[in-house]
Ligand code: ADP
């Protein structure tokens, strides 16, 4: 029998059980792609908290067992362990009094989130011991599970069970570092790391602590791996990351190309492919008519599907659009988020009725309709660790106009740099002017149907499947185990 490489994959979110953002997408797809690689032999198992959201979703699951474990401060934590499954992959649902399965994925209260995720980080290790399943690799994701890696050093150093376990920490968004969990860490027996290369504040903050303790750091795009070693993106630990660049790499995320497939997407009135782009236009005409916009393919339709947060560059977007407001475009935005930004969007739309339509809600079906109808997809992010929306947009022939940062730069081939291979437009001057002038260029090219169709075909033919990324992850795991 082949000895499979055992990987404990710990994550706060896993789609479809509980997804808040990109972390959920990755955690629900990467393990399945890795377990499915025919050329490899992995046994990846997902460990996630038993959130209220999971209970609502109610996947088939059963209780495997309950156990107690003693914290270093001598209190006992009572835990329950359930087993479920996503496709070919086992999913363990973990519960304790801090996770308690009535709680939201994120409380938004640092004390409660601290207790939930610090205890979860310990619990994944205890669960592996309870199962007598010795991981070759512990793969943690973001601050929520970073402390599982520290715990190997701080709590389990003398435990032979984890003696050969190597560690990987994925960073999906560096600014969210778990600051505020200090009380929870102290309560549950963690102490500051003594790593002299970290700034003092970071020595007792979950994500930098995990970065310091782990064998390998993976960001969700190669571009973001480089950016976080600079002061602009490094969130105060850029010097640490520069010095320890040898253990830092980036792997671009994928998307679910079966689900996001314009040829089969049942939520679209008209399915299409690169050979049937005329069917795509019918979606656009239907959407324009539904929303009360002037109907006609000659009116360029600009779209956006996004969380409305500072990161996504909404100020820059609205200021940029205002600069070219006399041009004959239409704009439809789907998004929810910070009240202040939602208000600004609504206010802006009131000034330009019949030109700008904001739809302030979360709606997956409508998002697909926008991907499949828009001519241009805007993503003026101030930073973007990877970004999935631009990949979905390209797959549906909706051409991205995006900031040249992080994963956007890694996944979009810029028309200005490589006109023949282009899949979109990138702007390096990340400002309202930079955005407006690049969008103007795209609007101008939209008039040339030969060029535009070529860009659409290029975009739709890109391979953004997880299979591609999974092979790179598999190699990263193998290199780590052979070190
Ligand atoms: P982030 O993870 O930073 O939010 P990504 O681009 O990586 O950004 O992923 C966002 C995902 O969430 C995409 O699948 C996008 O289609 C989806 N999404 C964002 N906002 C909405 C919304 N209002 N309605 C439906 N889907 C949305």
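The values are calculated or read from the model by the stated rules, or taken from the named source; none is laboratory data. Bear in mind that the values here come from a model prediction, so they are computed numbers and not experimental data. Every residue, glycine as well, gets a Cβ built from its backbone with ideal geometry; the counts of neighbours run over all protein chains shown.
Within the range 366-395, residues that are assigned by TED's automatic domain parsing to the domain that holds residue 318 and closer than 15 Å to residue 455 by Cβ have Cβ atoms under 6 Å from residues that are assigned to a loop (DSSP other than H, G, I, E, B) and within 9 Å of the ligand (Cβ to nearest atom) in these pairs: 395/260, counting only partners at least 6 apart in sequence or on another chain.
Checked against the criterion of being crowded, with 17+ Cβ neighbours inside 10 Å and either within 16 Å of the ligand (Cβ to nearest atom) or outside the structural domain of residue 307 (by TED's automatic domain parsing) (or both), the candidates 44, 63, 37, 71 yield just one match: 44.
Provide a single number: the residues in the range 341-355 that are touching a helix residue (DSSP H, G or I) at 6+ places or on another chain (Cβ under 8 Å) and more than 13 Å from the ligand (Cβ to nearest atom). Matching residues across the range 341-355 total 2. Within the range 356-382, the only residue that satisfies the criterion of being within 19 Å of residue 400 (Cβ to Cβ), part of a loop (DSSP other than H, G, I, E, B) and within 10 Å of the ligand (Cβ to nearest atom) is 381. Restricting attention to the range 120-155, and to residues there that are at pLDDT below 95 and touching a helix residue (DSSP H, G or I) at 6+ places or on another chain (Cβ under 8 Å), which single residue is surrounded by the most Cβ atoms within 10 Å (Cβ to Cβ)? Selected residue: 155.
Note on the range 398-414: residues that are buried (at least 24 other Cβ atoms within 10 Å of the Cβ) and in a loop (DSSP other than H, G, I, E, B) total 3.
No other residue among 437, 431 is touching a residue at least 24 places away in the same chain (Cβ under 8 Å) and surrounded by 15 or more Cβ atoms within 10 Å (Cβ to Cβ) apart from 431.
Within the range 312-322, the set of residues being more than 15 Å from residue 401 (Cβ to Cβ) and buried (at least 22 other Cβ atoms within 10 Å of the Cβ) is empty. The single condition among (1) surrounded by 13 or more Cβ atoms within 10 Å (Cβ to Cβ); (2) assigned to a loop (DSSP other than H, G, I, E, B) that residue 249 does not meet is (2).
Just one of (1) more than 16 Å from the ligand (Cβ to nearest atom); (2) touching a helix residue (DSSP H, G or I) at 6+ places or on another chain (Cβ under 6 Å); (3) in contact (Cβ under 8 Å) with a residue 60 or more places away in the chain fails for residue 102. It is (3).
Among the residues making up the range 7-34, those that are assigned to a helix (DSSP H, G or I), away from the ligand (no atom under 16 Å from the Cβ) and either crowded, with 23+ Cβ neighbours inside 10 Å or at pLDDT below 95 (or both) are 31, 33, 34. For residue 338, the requirement of being within 9 Å of the ligand (Cβ to nearest atom) and outside the structural domain of residue 172 (by TED's automatic domain parsing) is not met.
Scanning the range 323-334 for residues that are in contact with a helix residue (DSSP H, G or I) (Cβ under 8 Å, 6 or more places away or on another chain) and either outside any helix (DSSP H, G or I) or exposed (fewer than 11 other Cβ atoms within 10 Å of the Cβ) (or both) yields 324, 327, 329, 330, 331, 332, 333, 334.
Considering only residues in the range 213-236 that are without any contact (Cβ under 8 Å) to a residue 60 or more places away in the chain and farther than 21 Å from residue 387 by Cβ, the one that is surrounded by the fewest Cβ atoms within 10 Å (Cβ to Cβ) turns out to be 231. Are any residues in the range 156-196 farther than 19 Å from residue 120 by Cβ and in contact with a strand residue (DSSP E or B) (Cβ under 7 Å, 6 or more places away or on another chain), and if so, which ones? The answer is 166, and nothing else.
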